[in-house]
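Asker: Questions regarding the structure given below will be posed in turn.
The values are calculated or read from the model by the stated rules, or taken from the named source; none is laboratory data. Given the structure is predicted, the values throughout are model-derived calculations rather than measurements. Backbone-built Cβ (ideal geometry, glycine too); neighbour counts: all protein chains shown. Just the protein is used for accessible areas: all its heavy atoms, side chains included, with ligands, DNA and RNA removed. Shrake-Rupley method; radii C 1.70, N 1.55, O 1.52, S 1.80 Å.
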Amino acid sequence: SRPDISTLNPFVDRSNPDFTSTGNPGLRPVVSNNLQLNYNMFKKIIFSFGINYMFDNNNILQVSSYNPVTDVTSTIFENIGKDRNLGANFYLNYPITANLNFNANGSLNYLHIQGYVDTTLTKNHGFQGNAFGSLSYKINPGWRLTINDGYNTRYLTLQGNSNSFNFYSFNISKEIIKNKLTFSAGVNNPFTKFRNYV
């Protein structure tokens, strides 16, 4: 997989004078090896379960370094990652009644990352994953109400991790032209005023 435009962009973002960030035009594509084993069932209930193992030796990672002279932390992307990722995932679609449908999916992975930061071998490892569920009800032909709920665990990086968070939404949709055009409106996290990202 090739690096995306945001990781290649050489522009230096200095909007926060204490933390600068930039892309790296010299990034190389990442070659990943992925082994998967899946089980699928397609009946009244649609169910899928899979396990996978992925490894690569030149993954693109975000690296931060602190300069005590300028008191500035600089972040850049580098091809320094060596990843090992063992995981499992599932998908479920269950029509409870003719009008009420439930579906869910999720994944759980054990990740091991290592790479050199300023000539120092740095490592991080642990579990990360996500889960998502949705309940939708068909009011009458063409109208549908949907409630969604999801959860993401912390996200691991080479030098740390982010915090976990949950999210939810409420949606209503109306099919205008059968199987061709749908109008929908929704609200995300209406009871959550702020979300902290650490």
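Asker: When the chain is fully extended, how far beyond the present Cα-Cα distance does LEU92 get from GLN159, taking 0.36 nm per residue of separation?
Answerer: Length gained between LEU92 and GLN159: 20.7 nm.
Asker: According to a simple spin-label model (label point 7 Å from Cα along Cα-to-Cβ), what is the distance in nm between LEU100 and SER169?
Answerer: Output for this residue pair reads 2.4 nm.
Asker: Distances longer than 16 Å among the Cα atoms of region 79-139: what percent of all pairs is that?
Answerer: 62 percent
Asker: Can I ask one more? At 20 °C and a viscosity of 1.002 mPa s, what translational diffusion coefficient does Stokes-Einstein give for the chain, taking Rh as the Kirkwood radius over Cα pairs? Give it in µm²/s as a whole number.
Answerer: 105 µm²/s
Asker: For region 2-46, which whole percent of the accessible surface, found with a 1.4 angstrom probe, sits on carbon and sulfur atoms?
Answerer: So the carbon and sulfur contribution to the accessible surface is 58 percent.
Asker: List the chymotrypsin sites (Phe, Trp or Tyr not before Pro) within region 127-198 that DSSP assigns to loop and that have no more than 13 neighbouring Cβ atoms inside 10 Å.
Answerer: Of the chymotrypsin sites (Phe, Trp or Tyr not before Pro), the ones in loops of region 127-198 whose Cβ has at most 13 other Cβ atoms within 10 Å are PHE191, PHE194, TYR197.
Asker: Let me ask you something else. Treating only the Cβ of Lys, Arg, Asp and Glu as charged (+1, +1, -1, -1), what charge dipole size does region 35-188 show about its Cα centre? Round to the nearest 20 debye. Numbers along the way, then the final one.
Answerer: Working: 11 positive and 7 negative charges, 186 e Å.
So the magnitude is around 900 debye.
Asker: Across region 1-108, what fraction of all alpha-carbon pairs, as a whole percent, falls in each successive 10 Å bin from zero upward?
Answerer: 12, 26, 22, 20, 14, 5, 1
Asker: What order do ARG144, ARG14 take when sorted by accessible area (1.4 Å probe), most exposed first? Mind showing how you got there, number by number?
Answerer: On the way: ARG144 80, ARG14 160 Å².
Heavy-atom accessible area, descending, gives ARG14, ARG144.
Asker: Work out how much length ILE176 to THR120 would gain on full extension: take 0.36 nm times their residue separation and subtract the Cα-Cα distance, in nm to one decimal.
Answerer: 14.2 nm
Asker: Please report, as a whole percent, how much of the solvent-accessible surface of region 63-198 comes from carbon and sulfur atoms (probe radius 1.4 Å).
Answerer: That share works out to 59 percent.
Asker: Just from its helices, what would the mean residue ellipticity at 222 nm be for the chain, if runs of 4 or more DSSP H residues each count -39500 (n - 2.57) and the sum is divided by every residue, rounded to the nearest 500 deg cm²/dmol?
Answerer: -500 deg cm²/dmol
Asker: Label LYS43 and LYS138 with points 7 Å out from Cα along Cα→Cβ: what is the distance between them in nm?
Answerer: 2.2 nm
Asker: Something else now. For the chain, what is the accessible area per residue in Å² when the probe is 1.4 Å?
Answerer: Result: 68 Å² per residue.
Asker: Would you tell me the accessible area of LYS82, worked out with a 1.4 angstrom probe on the heavy atoms of the protein chains, in Å² to the nearest 10?
Answerer: For LYS82, solvent-accessible area is about 80 Å².
Asker: With the dipole of region 67-164 worked out from charges on the C-beta (+1 for Lys and Arg, -1 for Asp and Glu) around the Cα centre, which of LEU121, THR73, TYR110 lies farthest toward the positive end?
Answerer: Highest projection toward the positive end goes to TYR110.
Asker: Can I ask one more? At each listed q (0.17, 0.24, 0.29 Å⁻¹), what is the log10 of I(q)/I(0) that the Debye formula gives for region 132-198 modelled as equal alpha-carbon point scatterers?
Answerer: Values, matching the q order: -0.72, -1.03, -1.23.
Asker: For LYS138, list the lysines whose Cα falls under 19 Å from its own Cα; do not include residues on the same chain fewer than 8 positions away.
Answerer: Partners within reach: LYS44, LYS174, LYS178, LYS180.
Asker: While we're on this one: Would you report the distance distribution of C-alpha pairs in region 41-92 as whole percents per 5 angstrom bin, up to the bin with the largest distance?
Answerer: Pair shares across the bins are 5, 14, 13, 12, 11, 11, 10, 8, 7, 4, 3, 2, 1.
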